[in-house]
Amino acid sequence: MLDYPKLFAFFDEYIAHYKAFLQFEYLKLEMINNDDIEKLSSSLSREQALIMKTNSLEKKRLAILGEESGKTFQELIDSAPKWYQFRLTEKYNQLSEVIIKIKEINDTANIIVTERLNKIQKKVGELDTYDGKGTVSKEKVSHSALLKSV
């Protein structure tokens, strides 16, 4: 049988970790919005540490759940004694809320980065050229043509 007090303590730690991860994601989005590449680059080690902690907590979760580790959170709630179901549902809702926010922030960051990369790609694809009279014109260049000229 599951050690529910131990499971609740774990989910408190798990939720606190994801809340810290969420705060980091807000900071990262701010760095992306401000084009602060240096801060973004230097934050990679912090992100890596958060990911490593996530992996560690996942191993801990599997160990606590034991034979129940293959169950979804909802299945854990459904199979729990009635007096634990309410608390497990609370933990599920808290964790879900934080994870949904992290996903939303990541989706927003991906949209911003993709749009900026597309703008850069368009700019890279245009070259200033000069005709024999010294007039400047924009010319579209393919990536393969750019690579051949390097």
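Laboratory data are not the source of any read-out in this text; all were calculated from the coordinates shown. Predicted model only: the values in this text are computed from it and were never measured.
The spread of Cα positions in segment 1-106, taken along each principal axis and listed from longest to shortest, comes to 51, 22, 19 Å. Structural descriptor for segment 4-125: relative contact order 43 percent, calculated from alpha carbon pairs under 8 angstrom and at least 6 residues apart.
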